[in-house]
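Have a look at the structure below before the remarks.
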Amino acid sequence: MPTIAAMLRQATRQLDDAGVDAPRRSAELLAAHCFDRDRVWLIAHADDAVPPAREAAFHALTARRAQGEPVAYLLGGKEFYGRAFHVTPATLIPRPETELLVERALEAFPPSALRFADMGTGSGCIALTLAAERPLWRGLMLDISPQALDVACHNARQLHVAERVPAICGDMTSPPVADSSLDCCISNPPYIAEAERPGISREVLDFEPAGALFSPAEGLGHLAALAGQAARMLRPGGLLLMEHGAGQGAAVHAMLMASPFWRDIKIHKDFAGLDRFCEAWKKV
Ligand code: GLN
């Protein structure tokens, strides 16, 4: 039986040879999962022998990781804003950049009662974080994929916010949401242009849901449709927050400026200093 340390060394080499990013980190996360412990425990138990059943489980996961399958899908979860979210290949894996939209929504309003909708909710990470952070807020999770909504509803129950955040199956370009019914409309819609496909990593292209990534009209199709719908669904004085691509800031700004409905339009940057999401307030 190998020790934990030896098993990790061998797997790190295997993942490195396969061209996987951060091979040691991947190996540790997968091993921690197989032992049902955290990474600190692994280090403290580096000299322990690995029982064959755990070693076999670890080898199976390592082999899938070597093929490019994201760690989040292998573990079935990803942390977002400090909470654990279940994810499956039906949902996008939540990204740290998306936490910035959540943060903006939280600081833009007082903690008193409010209605919001998360359009294209995927795992539900945006809507459920808002509900978990703000006990008086009520939201809607909308997604076109019933499989994604199953995951979002599971996460809603885990976080004990399900009764405040119902799920609706529908298309974000024609959402079944009443006029002037929302204080805040928030979304991380699909925004990658088809032409950008060659620049997207295999890990994303081969494993994450294409419907959550790509949008027509040079990636602006969903953003434009959503802005149009938000102008209808938001109450006067309501807030629209949409994530977008690093190269789309100017186009999104121009699109919102060209519409008569918005004031105080801003493009916000992410940690890397790249344009990442827009903010616009519906005129009163
Ligand atoms: N709202 C989810 C997220 O931010 C899903 C987004 C999407 O599927 N485009 O992770």
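The values are calculated or read from the model by the stated rules, or taken from the named source; none is laboratory data. These figures come from a predicted structure and were not determined experimentally. Please note: Cβ atoms are built from the backbone with ideal geometry, for glycine as well, and neighbour counts cover all protein chains shown. Remember, those area values only see protein heavy atoms, side chains included, never the ligands or the DNA or RNA. Shrake-Rupley method; radii C 1.70, N 1.55, O 1.52, S 1.80 Å.
If you go through the stretch 1-17, how many residues are at pLDDT 95 or above and open to solvent by 50 Å² or more (accessible area, probe 1.4 Å)?
Taking the stretch 1-17 first, the residues at pLDDT 95 or above are 3-17.
Applying the additional criterion that residues be open to solvent by 50 Å² or more (accessible area, probe 1.4 Å) yields 9-10, 13-14, 16-17.
Number satisfying all stated conditions: 6.
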Exactly one of Ser180, Ser215, Ser174, Ser187 is of a type in the set (Ser, Thr, Tyr), in contact with an Asp or Glu (Cβ under 8 Å, 6 or more places away or on another chain) and either more than 16 Å from the ligand (Cβ to nearest atom) or open to solvent by less than 40 Å² (accessible area, probe 1.4 Å) (or both), and that residue is Ser187
Residue check, Asn155 against (1) in contact with a strand residue (DSSP E or B) (Cβ under 6 Å, 6 or more places away or on another chain); (2) more than 15 Å from the ligand (Cβ to nearest atom); (3) of a type in the set (S, T, N, Q); (4) more than 23 Å from Lys282 (Cβ to Cβ), all met but one. Which one? (2)
Filtered residues of the stretch 93-119 (kept if within 16 Å of the ligand (Cβ to nearest atom) and more than 10 Å from the chain's Cα centre (by Cα)): Leu100, Leu101, Val102, Glu103, Arg104, Ala105, Leu106, Phe116, Ala117, Asp118, Met119
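Please work out if Ala162 is of a type in the set (A, V, I, L, M, F, W, C) and in contact with a Gly (Cβ under 9 Å, 6 or more places away or on another chain). First the steps, then the outcome.
On the way: of a type in the set (A, V, I, L, M, F, W, C): yes; in contact with a Gly (Cβ under 9 Å, 6 or more places away or on another chain): no.
The answer is no for Ala162.
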Of the residues in the stretch 86-113, those that are more than 25 Å from Asp206 (Cβ to Cβ) and among the polar types (S, T, N, Q) come to Ser112
